[in-house]
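Notes for the one structure printed next.
None of the figures in this text is laboratory data; all of them are computed from the coordinates on show. Just so you know, these numbers come straight off a predicted model, no measurement behind them. Counting neighbours? That spans all protein chains shown, and the Cβs are built from the backbone with ideal geometry, glycine included.
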């Protein structure tokens, strides 16, 4: 959970990007990394296989600026999307403050999205989180591709909780910062409530 | 002990106590760098030759490392592996869990030895654990006390929007 440091006047929060394999979690982080000013970001770490599939996690530390005299730092993580890396996915959810579910909008990935979302619910539950309460946003990625499922159908199938949902194309960067902002907002509002 | 899902709050007084303990350990163990990390990967404090080190990345990877070995431990029926040691050509890393929640990382070279580091870490761990006990007690008291107002209670949507401009 968040780390509030009165000594250095910093708030640190952890955000995890979750979703099926090849949905664009790492691409989200890469875009944020490329478009963020040097002084606001740390090194991006990717623990990936030789074929650039995430093996354990990607990590990107961001310093967003001050809020009420506290430096706000967000640590962004992605999980490995491939089904058989479930043990690793559980570990990365430890201490999470907010979750972004990246859905792959392509028709043929609809089942994979549903399966991954179920997996997220199970893993959050196992870590003691309440899926109904944790700051959560959904990003419908790859909207620029031709064979996508209509938005209302995706929303009906994936967004039962009616959390903020955003369209994106992580390759071109469309919707990427909007997604980050949406989840950051929920996390900070949670902090406000004394979460 | 601080629960795994509760926010970690650090106050000035406890932070100073921690820094003093880390400085002392640095001297007594003859090591290069020492840092303390939350199990979720947040850097709490660092001491020693940190100028050329990416401490944020080190903190995150250390926590990942502890989480992965913790997963391994559970698979073979252990609660956790409380000490990890990585040996390099020049530098070595000694990682241990303090008070169930924080991770103490000591980087040392040939000027020290594994035996010395282990010995000194053991003593410091107990002292650190008691500081974290106090910290947990204090943050619980503060959160219960009626007149304590979170500094974030007044955050507005505009404040949040400004972060992204």
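Before moving on, here are some points about what is shown:
- Residue, surrounded by the fewest Cβ atoms within 10 Å (Cβ to Cβ), within the range A:70-94, restricted to residues that are at the interface with chain B (Cβ under 9 Å from one of its Cβ atoms) and part of a strand (DSSP E or B): A:70
- Residues located in the range B:22-53, provided they are farther than 21 Å from residue B:123 by Cα and in contact with a strand residue (DSSP E or B) (Cβ under 9 Å, 6 or more places away or on another chain): B:40, B:41, B:42, B:43, B:49, B:50, B:53
- Output for the range B:149-164, where each listed residue is within 27 Å of the chain's Cα centre (by Cα) and surrounded by 13 or more Cβ atoms within 10 Å (Cβ to Cβ): B:150, B:151, B:152
- Test: residue in the range A:8-23 that is within 13 Å of chain B (Cβ to nearest Cβ) and either in a helix (DSSP H, G or I) or without any contact (Cβ under 8 Å) to a residue 60 or more places away in the chain (or both): no
- Tally of residues being surrounded by fewer than 20 Cβ atoms within 10 Å (Cβ to Cβ) and more than 16 Å from the chain's Cα centre (by Cα) across the range A:39-66: 16
- Residue in the range B:149-158 that is in a helix (DSSP H, G or I), within 11 Å of chain A (Cβ to nearest Cβ), free of Cβ contacts under 8 Å to residues at least 60 places away in the same chain and in contact with a helix residue (DSSP H, G or I) (Cβ under 8 Å, 6 or more places away or on another chain) present: yes
- Single condition residue A:50 does not satisfy, out of (1) touching a residue at least 24 places away in the same chain (Cβ under 8 Å); (2) out of contact with any helix residue (DSSP H, G or I) (no Cβ under 9 Å at 6 or more places or on another chain): (1)
- For the range A:53-69, the candidate set comprises residues that are assigned to a strand (DSSP E or B) and touching a residue at least 60 places away in the same chain (Cβ under 8 Å); within that set, the residue that is nearest to residue A:16 (Cα to Cα) is A:64.
- Strands (runs of 3 or more DSSP E) enclosed by the range B:1-102 - at least 1 residues per element that are touching a residue at least 40 places away in the same chain (Cβ under 8 Å) and within 11 Å of another protein chain (Cβ to nearest Cβ): B:8-10, B:33-38, B:43-48
- Meeting the requirement of 2 or more residues that are without any contact (Cβ under 8 Å) to a residue 40 or more places away in the chain, exposed (fewer than 15 other Cβ atoms within 10 Å of the Cβ) and within 14 Å of chain B (Cβ to nearest Cβ), the helices (runs of 4 or more DSSP H) wholly within the range A:102-195 are A:110-126.
- Restricting the range A:24-37 to residues that are in a helix (DSSP H, G or I) and away from every other protein chain (no Cβ under 14 Å), the residue that is nearest to residue A:99 (Cα to Cα) is A:25.
- Residues located in the range B:52-68, provided they are within 12 Å of residue A:45 (Cβ to Cβ) and surrounded by fewer than 17 Cβ atoms within 10 Å (Cβ to Cβ): B:54
- Any hit, the range B:112-132, residues being part of a strand (DSSP E or B) and either surrounded by 16 or more Cβ atoms within 10 Å (Cβ to Cβ) or in contact (Cβ under 8 Å) with a residue 12 or more places away in the chain (or both): no
- For the range A:40-69, filtering for residues that are more than 7 Å from every other protein chain (Cβ to nearest Cβ) and at negative phi leaves 17.
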